[in-house]
Amino acid sequence: MSSADTDIAEPGFDIEHGLQQLIARGYQFVHPTNERGEVQAVVGVRVHDDVVDVVRLNAEDDVEATRLPGGEENIFEPVTWLWRSRGEAGEVLDEVLSLPDEHHPADTTANGCWVPGRGGRSKWLAAR
């Protein structure tokens, strides 16, 4: 899953372990595909309190993580974000895992979000 032929992951950071830590924190993963059914990315989504955390792995050296307000309509192309990081998997996953799980009261709590799925259909990911 690298867009380069060299090993660019940070020394000592195990990407698989980082993904397992995200799962342990409640991230649910989807795998958006193109029209031929080829996986384009691995996307982890976690809805909690009044925010949505999204981690999109396109390649080992092309990862984006975003913390969005719970009311954001499109998690793949957000208009507003509270925090964002882009870069290599080891660096970005480490930053995501370091984010505080603070509860910031809002008018409404996010109960989940819609994630685009196959065949133009969307899938509801409920908050845990």
Which one is nearest to the chain's Cα centre (by Cα) among residues in segment 66-77 that are in a strand (DSSP E or B) and not hydrophobic (A, V, I, L, M, F, W, C)?
T66
Please go through segment 53-65 and give me each residue that is closer than 13 Å to E95 by Cα and surrounded by fewer than 21 Cβ atoms within 10 Å (Cβ to Cβ), ordered by number.
E64
With the condition kept exactly as written, say whether any residue in segment 104-114 is exposed (fewer than 12 other Cβ atoms within 10 Å of the Cβ), among the charged types (D, E, K, R) and at pLDDT below 90.
yes
Matching residues in segment 17-65 - criterion: being outside any strand (DSSP E or B), polar (S, T, N, Q) and in contact (Cβ under 8 Å) with a residue 40 or more places away in the chain
Q21
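The values are calculated or read from the model by the stated rules, or taken from the named source; none is laboratory data. Everything numeric in this text was worked out from a predicted model, so none of it was measured. With ideal geometry, Cβ positions are generated from the backbone for all residues, glycine too; neighbour counts draw on all protein chains shown.
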